[in-house]
Amino acid sequence: MYLKIENKIQKLDDYVLFVIKKYGQNRCLDIIMPIVTLTGNIGVIWVVISIALIIDKPYRIIGYSIILTLFISTIVGEGIIKHIVRRIRPCNKKNYVSQLHFKQTSYSFPSGHTLSSFAAAEMLSLYFTQYKLIFISIAFLIALSRLYLYVHYPTDVIAGVIIGVLCSKIIFIILQQEYNSSIQLILINIRNRM
């Protein structure tokens, strides 16, 4: 039964990639999508945003929170899950050709670009709710570029979204609890001195 479900998922993944290739690919996107994917390499766009926040003292803790989120989400996705699942990328199969000009050597599941982008975008959205649509849109474009370039299957991207959002929510909760505990200790110390 497990193999039947896995085969159906693979067929659905292959079909979605076929539809993207047949109806979505064009010269303009062939130029744009590699650039979009580059912004997700090593979380570049999110690191730049984090550095800008770290430089601005009132937002420093938020910048560090995003860096921490990127670090932990990378360990979870790239360091642990990819090496457990070991799914071959679609561009590394003979019937698919990636738009990228270099061979992808790591495993496919989950999409690391998507995972880190949604982790960082969600963390930013928790602090800056008025810009949530912008952050999520950037993450979505990076995820879409991974499909367009044939370096991931749709289920890799979906898993990246889910794991990325979960990582950011868990880290946010832990950081808020630590922050609240620190504030309580400060208040107790102030009260004891009076």
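The values are calculated or read from the model by the stated rules, or taken from the named source; none is laboratory data. All of these numbers come straight from a predicted model, not from anything done at the bench. Ideal geometry is used to build each Cβ from the backbone, glycine not excepted, and the neighbour counts take in all protein chains shown. Ligands, DNA and RNA are excluded from the accessible area calculation, which covers all protein heavy atoms including side chains. Shrake-Rupley method; radii C 1.70, N 1.55, O 1.52, S 1.80 Å.
If we scan region 124-133, do we find a residue that is within 27 Å of Asp14 (Cβ to Cβ), of a type in the set (Ser, Thr, Tyr) and either modelled with pLDDT of 95 or more or within 15 Å of the chain's Cα centre (by Cα) (or both)?
no
Looking only at region 16-33, which residues are over 22 Å from Ile158 (Cβ atoms) and either in contact with a strand residue (DSSP E or B) (Cβ under 8 Å, 6 or more places away or on another chain) or surrounded by 13 or more Cβ atoms within 10 Å (Cβ to Cβ) (or both)?
Ile32
Select, from Ser145, Ser125, Ser108, Ser116, the only residue that is part of a loop (DSSP other than H, G, I, E, B) and open to solvent by less than 20 Å² (accessible area, probe 1.4 Å).
Ser108
What's the number of the condition Ile51 fails, among (1) at pLDDT below 90; (2) surrounded by fewer than 19 Cβ atoms within 10 Å (Cβ to Cβ)?
Every listed condition holds for Ile51 apart from (1).
Among the residues of region 88-101, is any modelled with pLDDT of 95 or more and open to solvent by less than 40 Å² (accessible area, probe 1.4 Å)?
No, region 88-101 contains no residue that is modelled with pLDDT of 95 or more and open to solvent by less than 40 Å² (accessible area, probe 1.4 Å).
Would you be able to say whether some residue in region 77-87 is surrounded by 22 or more Cβ atoms within 10 Å (Cβ to Cβ), more than 22 Å from Leu12 (Cβ to Cβ) and of a type in the set (Asp, Glu)?
no
Can you confirm whether region 149-165 contains a residue that is part of a helix (DSSP H, G or I), out of contact with any Cys (no Cβ under 9 Å at 6 or more places or on another chain) and more than 20 Å from Asp13 (Cβ to Cβ)?
yes
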